[in-house]
Structures are given as structure tokens and as C-alpha cells.
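Single-structure report; data block below.
The values are calculated or read from the model by the stated rules, or taken from the named source; none is laboratory data. Note that the structure is predicted; figures quoted are calculated from it, not measured. Virtual Cβ from ideal backbone geometry, glycine too; neighbours counted across all protein chains shown.
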Amino acid sequence: MLKRVKNPRLGRSKDAKKALLKGLAKSLFDKGSIKTSEARAKGARSFIQSLLRNSGNKAQDLRRIGSILSANREQSAKVVALAESLGNGQSATRIIRLGKRAGDASSRVRLELLAKLSEKPKSEKTAKPKKSAKTKVTTK
């Protein structure tokens, strides 16, 4: 007997759907937000949430996420840091509806990360000492 699948098929076979979700997740982690259709965004949201939810040993997570997303070590480290920054059961993404596409009237959305990915810290500008209003001028 066939069992029902909880997530959408997206009009693709199992392997093609998996590749699509991996690509959406990788570009979301790279850019921070992406524009896509509503069905793809909902499928990608559950895929990303399951990626971030399973966090245990940091070294194993780096390898696992790197192999799933075909990402290098730096990108995998960013994703693991994002998973650690999120609370337990907290959502990592937000879907914002943008309206209908003109060509085929499909609903367009922007899928964005709620937490910022850790990036290299920007160098802080050194503060210049303030000139005091009372400066003594000595003349000889």
C-alpha cells in the first residue's frame, strides 16, 4: 500500500526534488534571502529546518552539512553557527509574499533567514580624541 508524502512533490521525481531543495538551501545560506515560488519556499523551509534542527557533535555536523549542500568548510561552519544560535524549536526562515508573477500568475515569495550568518567582524574605527574647548595658548 502506498503511503502519503507529507511534503510537496514540486512536479519532480525524488532525486530531482532533492537536488532542487539542496540548491535553494545553498543559495539561501549564501545570499541570506531568495525569491522563489510559494510551493518551493515551503518545501525548502522544511528542508532547511530539518538541516538545522539536528545538531550534535560539531565536527560531524560540519561534514554532514558539507556533504548535503556540497559546500566548503567555511560555508558549513556558517550553517552550524546559525544552528547553534537558534533556540530549540525556533524557526530559521521567514516567507514574505510578493504577489503574482505576470507571466503565469504563480505566487512569488521571498524566503529569508531570520538570524544573520556569522561573518568576519568589520574592523572598528578608532575614535579620534576630542579637542577640548578650553585650550591654553601660551605666548612668549
- prompt: So how many residues does segment 60-100 have that are at pLDDT 85 or above and closer than 14 Å to residue 115 by Cβ?
  reply: 2
task: State whether one or more residues within segment 26-46 are crowded, with 19+ Cβ neighbours inside 10 Å, at pLDDT 85 or above, in a helix (DSSP H, G or I) and in contact with a Phe, Trp or Tyr (Cβ under 9 Å, 6 or more places away or on another chain).
output: no
task: Return yes when residue 115 is more than 23 Å from residue 18 (Cβ to Cβ), modelled with pLDDT of 65 or more, outside any loop (DSSP other than H, G, I, E, B) and within 15 Å of the chain's Cα centre (by Cα) and no when it is not.
output: no
- request: Only residues in segment 31-60 that are farther than 23 Å from residue 97 by Cβ and of a type in the set (A, V, I, L, M) count as the first member; pair them with residues that are surrounded by 20 or more Cβ atoms within 10 Å (Cβ to Cβ) and modelled with pLDDT of 90 or more, Cβ under 9 angstrom, at least 6 apart or cross-chain, and list the lot.
  value: 51/25
